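S.K.: Dropping the structure in here first, questions after.
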Amino acid sequence: MENIPVPKSALLIVDMQHGLFHGLERPFAGQRVLGNINRLIARARSSGVPILAARHTGPQGSALAAGSLNWHLLSELELDATKDILFDKRQPSCFQGTGLADRLKSLGVTELVIAGMKTQYCIDTSCRVAAELGFSPTLVADAHTCMDTPLLAAEAIIAHHNSTLAGPFVRLLNTVEVTF
């Protein structure tokens with residue numbers, strides 16, 4: 001009988017930070033997205049799945065400078081700093097300069113479930129790079145968000161990215177459909 005490897009999942013939460021979530025511009029359906037992410041965290045934890053949380057870090061003096069109030073992950077996230085992997089990034093990609101790919105490989109991760117902020121920047125980029133690196137990403141359609149822009153409403157940005165990424169780059173699921 002042939003041994004078929006069972007895919008191992010991890011949950012990646014992107015940039016759910018105080019300054020992005022509670023800033024002057026509020027994310028679309030922010031409380032719903034936060035609730036969905038916390039449901040994913042609970043499900044991942046009960047399944048023994050690694051939970052990773054990326055925090056965007058800007059240069060000193062910027063709104064997201066390391067150590068600033070805005071830089072911190074949301075206290076409302078049900079993360080556990082003693083168990084979960086928290087890491088900083090300086091680019092839209094969660095992979096560039098972070099060692100994330102190597103860490104995922106060392107954990108045996110082949111499937112990456114992605115949620116967080118902001119849809120058109122760090123979520124989009126991280127989904128595409130995860131696919132390029134062979135991690136079989138799942139984008140949780142109702143667990144990522146952004147703010148309105150002068151050209152598009154956040155709801156349209158989210159719908160557009162869900163449609164564009166689904167298929168060629170990610171498997172698209174809603175929170176209730178995600179299993180670990």
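The values are calculated or read from the model by the stated rules, or taken from the named source; none is laboratory data. If you're wondering where the values come from, they're calculated on a predicted model, not measured in any experiment. Cβ atoms come from the backbone with ideal geometry, glycine included; neighbour counts cover every protein chain shown. What goes into the accessible areas is simple: the full protein's heavy atoms, side chains included, and nothing from ligands, DNA or RNA. Shrake-Rupley method; radii C 1.70, N 1.55, O 1.52, S 1.80 Å.
S.K.: Extending each Cα 7 Å along its Cβ direction at Y121 and R103, get the distance between those two points in nm, one decimal.
M.R.: 2.0
S.K.: Roughly speaking, what is the stretch gain from R171 to S75, that is 0.36 nm per residue apart minus the C-alpha to C-alpha distance, in nm to one decimal?
M.R.: Roughly 31.7 nm would be gained on extension.
S.K.: In the chain, carbon and sulfur make up what percent of the accessible area (probe 1.4 Å)?
M.R.: Carbon with sulfur: 54 percent of the solvent-accessible area.
S.K.: Quote the relative contact order of the chain in percent (integer), defining contacts as alpha-carbon pairs under 8 Å separated by 6+ residues.
M.R.: Relative contact order for the chain comes out at 27 percent.
S.K.: What fraction of the DSSP beta bridges in the chain is antiparallel, stated in percent and rounded to the nearest 5?
M.R.: Expressed as a percentage, antiparallel bridges in the chain total about 5.
S.K.: Please list T57, T179 from largest to smallest accessible area, probe radius 1.4 Å, with all protein chains kept in place.
M.R.: Per-residue accessible area, sorted high to low, gives T179, T57.
S.K.: Just one of (i) 25, 19, 16; (ii) 109, 11, 7; (iii) 49, 20, 15 is semi-axes √(5λ) of the Cα gyration tensor in Å as worked out from the coordinates here. Which one is it?
M.R.: Read-out from the structure maps to (i).
S.K.: Relative contact order for region 53-106 using alpha-carbon pairs under 8 Å, separation at least 6, rounded to a whole percent?
M.R.: This gives 35 percent for region 53-106.
S.K.: What does the accessible area per residue of region 84-180 come to in Å², with a 1.4 Å probe and no ligands, DNA or RNA counted?
M.R.: Value for region 84-180: 46 Å² per residue.
S.K.: At most 12 other Cβ atoms within 10 Å and a DSSP loop assignment: could you name the trypsin sites (Lys or Arg not before Pro) in region 1-99 that fit?
M.R.: K83
S.K.: Just by accessible area at a 1.4 angstrom probe, what is the order of D102, D142, D15 from largest to smallest?
M.R.: In descending accessible area the options line up as D102, D142, D15.
S.K.: Only Cα pairs under 8 Å and at least 6 apart count here; give the relative contact order of region 96-150 as a rounded whole percent.
M.R.: 40
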